[in-house]
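Worksheet: the structure to be examined is printed underneath.
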Amino acid sequence: MAASIREKQTAALKRMLNFNVPVVKSSTGEPVWKVLIYDRFGQDIISPLLSVKELRDMGVTLHLLLHSDRDAIPDVPAVYFVMPTEENVDRICQDLRTQLYESYYLNFISAISRSKLEDIACAALTANTVSHVSKVFDQYLNFITLEDDMFILCNQNKELVSYRALNRSDITDTEMDTVMDTIVDSLFCFFVTLGVFYNLLPCFPENKTLSYIILAPKIHTRSNFQGAVPIIRCPRGNAAEMVASKLDKKLRENLRDARNSLFTGDNLAAGQFSFQRPLLVLVDRNIDLATLLHHTWTYQALVHDVLDFHLNRVNLEEPQILESSPSGARPKKKNKKYYDLTVADKFWQKHKGSPFPEVAESVQQELESYRTQEDEVKRLKNIMGLEGEDEGAISMLSDNTAKLTSAVSSLPELLEKKRLIDLHTNVATAVLEHIKTRKLDQYFEYEEKLMSKSTLDKSLLDIISDPDAGTPEDKMRLFLIYYITSATVPSETDVEQYKKALEDANCNLAPLNYIKQWKAFSKMASAPAGYGIGATKSKGLLSRVMNTGSQFVMEGVKNLVLKQQNLPVTRVLDSLMEVKSNPETDDYRYFDPKMLRGNDSSVPRNKNPFQEAIVLVVGGGNYIEYQNLVDYIKTKQGKHILYGCTELFNASQFVKQLSQLGQK
């Protein structure tokens, strides 16, 4: 994968904003000013990839929601980026009738159906605005990229494909089909974009109606010459298998459609076989529930676990301050601050997978480095301000002119460095507050011992009963991990004793009701060996204040060192990517959409190890799992992996879903 999926999706969006014409980097002229109209789905796709400044650089003067109240701007082109839903199509038709804009570039996130396209054609014909509709595109961008190597399928409609939706007992076949179709549509879009080589093909289906013929010259789709058609592996008998089967069928049908295929083209022989095909590993969330409940110790995963972190943006509330008034002191209204943690943030990119104490120390080091540079600039300024004819002063002035010039030229970089330091100081301070008040270091260490079957130095009952150790939800998460990872189901007597302690700690027992059912019926009833991230080693307490004036008072927080060990999803990927024999994966089904006939074989035809792989967790994932895969692939030179999940949730959101399932 020469370019990352983030770069490819970003390039697709920039091309779309340039009226689906390649962006020329050397162009110095003014961009064509335009209005961007998106729905919530489009907004979620764009926001992690393009900043407001980048949109402005592409000529976007306004970006508005499709269903907001919009004024007419008759002399400006409008670029639409929306899902092809009935509601959205109706609003586009309304815009055509009211002639809001000079011209319309309609870009659909997923492929629009024939009937909806005809609705648009009829509206344009009726309103006499056919000439205003410049182009209609299927963009195949129905997924959200969060990192170079991470994507999610759903955000706005994530409850439709959630763990709860897939595992509730009363789901109908029709509802399940809808869930599967939603997942497969997003995955199909992902593979179109993954190997994209732009070639705009006219899309002319048979039996064209008059209204359709009117728009036909304006309708295009994208062709992909690089052949990102995966080999698919999945377990049997669960949602992952259903997704694999439907995706195989959809890819197979598209490959057979010679006129409109998104994976073949005129230069097929030159391009299709020049790259090794990727491996797609589909796994069901039920392979590993403990990791979703686990308290974590790395920076990105901690931010997601304890703060409001959504689509690469973290929302922080400033501490409540009492302000005086004639009627007495009253709390000042809390202000919210928003920080974007993006690929441009070098500190974030370097430390997001690091243990939290290392991050706190690195922030402090960055701050000291900044202060040193700032003091040097101040010192040079003072020297430049020297007056009089003192020869020593003049000599010193001459010597430092070059230094000052260099320092002034680096000021923008210095200011950006200060901004990032302030950002991570605020974020890390908020995380540290949660660690200290909830004793998250102790939870993490204890859960690691449970998951790796290590000797426990404290009884579980003592932690649950300790009023100062965490929130009721923390205690429930800990107990659920104990229950899930137990080699045998705990006795009813023990469970009742724990339930009494949990109730006394104000815990909601509904999640336990579901996990008991899951444990009874799941094939994963006993946790595999080496379940956890790895044994943790404590280097003692960070009992010192890190530096004079530092906000990171780490007193009482354990300095835990992680030892890498593969989680279940990582182990499955390793076996399939390296084509190893493994009891966990030997029975996995094998699909090759390029084969003339489908097959139910579990025997891989490709005997060579894969260089590129995509893991998709059906039922949701988290940053702990993602980081474990990132750490794993660092040891595999020249190999690349992408981690995806149907939705991204933290432990609190997952516990809520378990609670809903347990109340049935």
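The values are calculated or read from the model by the stated rules, or taken from the named source; none is laboratory data. Since this is a predicted model, take the numbers as computed values, not measurements. Note: ideal-geometry Cβ built from the backbone for every residue, glycine included; neighbour counts use all protein chains shown. Just so you know, the surface numbers come from the protein's heavy atoms only, side chains and all, with ligands and any DNA or RNA stripped out. Shrake-Rupley method; radii C 1.70, N 1.55, O 1.52, S 1.80 Å.
Figures for the structure shown
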| quantity | calculated |
| --- | --- |
| Any hit, the range 414-424, residues being surrounded by 14 or more Cβ atoms within 10 Å (Cβ to Cβ) and over 30 Å from Glu376 (Cβ atoms) | no |
| Out of Ser369, Ser354, Ser395, sole residue that is out of contact with any Cys (no Cβ under 8 Å at 6 or more places or on another chain) and at pLDDT below 60 | Ser395 |
| Criterion (open to solvent by less than 10 Å² (accessible area, probe 1.4 Å), at pLDDT 95 or above and more than 16 Å from the chain's Cα centre (by Cα)) met by exactly one of Leu302, Leu293 | Leu293 |
| Residue that is in contact (Cβ under 8 Å) with a residue 24 or more places away in the chain, in contact with a strand residue (DSSP E or B) (Cβ under 6 Å, 6 or more places away or on another chain) and of a type in the set (A, V, I, L, M, F, W, C), where the choices are Val136, Val161, Val192 | Val136 |
| Ser362 being over 30 Å from Met476 (Cβ atoms), assigned to a helix (DSSP H, G or I) and at pLDDT below 90 | no |
| Matching option when the condition is small (Gly, Ala, Ser) and open to solvent by 20 Å² or more (accessible area, probe 1.4 Å), among Gly59, Gly29 | Gly29 |
| So Ile45, is it of a type outside the set (Ser, Thr, Tyr) and open to solvent by less than 10 Å² (accessible area, probe 1.4 Å) | yes |
| Test: Ser131 is free of Cβ contacts under 8 Å to residues at least 12 places away in the same chain and in contact with a Ser or Thr (Cβ under 9 Å, 6 or more places away or on another chain) | yes |
| Every residue from the range 344-367 that is touching a residue at least 24 places away in the same chain (Cβ under 8 Å), over 13 Å from Glu416 (Cβ atoms) and open to solvent by 70 Å² or more (accessible area, probe 1.4 Å) | Glu361 |
| Qualifying residues in the range 625-664 (those that are open to solvent by 50 Å² or more (accessible area, probe 1.4 Å) and within 21 Å of the chain's Cα centre (by Cα)) - the one farthest from Gln156 (Cα to Cα) | Lys634 |
| Top-ranked residue in the range 634-659 [being free of Cβ contacts under 8 Å to residues at least 60 places away in the same chain and in a helix (DSSP H, G or I); ranked as farthest from Gly353 (Cα to Cα)] | Lys656 |
| Pairs with Cβ under 8 Å, 6+ apart, first in the range 453-469 and within 19 Å of Cys507 (Cβ to Cβ), second assigned to a loop (DSSP other than H, G, I, E, B) and of a type in the set (Val, Ile, Thr) | none |
| Extreme residue, least open to solvent (accessible area, probe 1.4 Å), among residues of the range 62-111 that are more than 19 Å from Gln43 (Cβ to Cβ) and within 30 Å of the chain's Cα centre (by Cα) | Ala111 |
| Close pairs (6 angstrom Cβ cut-off, 6 or more residues apart or separate chains): touching a residue at least 12 places away in the same chain (Cβ under 8 Å) in the range 47-73, charged (D, E, K, R) and assigned to a loop (DSSP other than H, G, I, E, B) anywhere | Leu64/Arg70; Leu66/Asp39 |
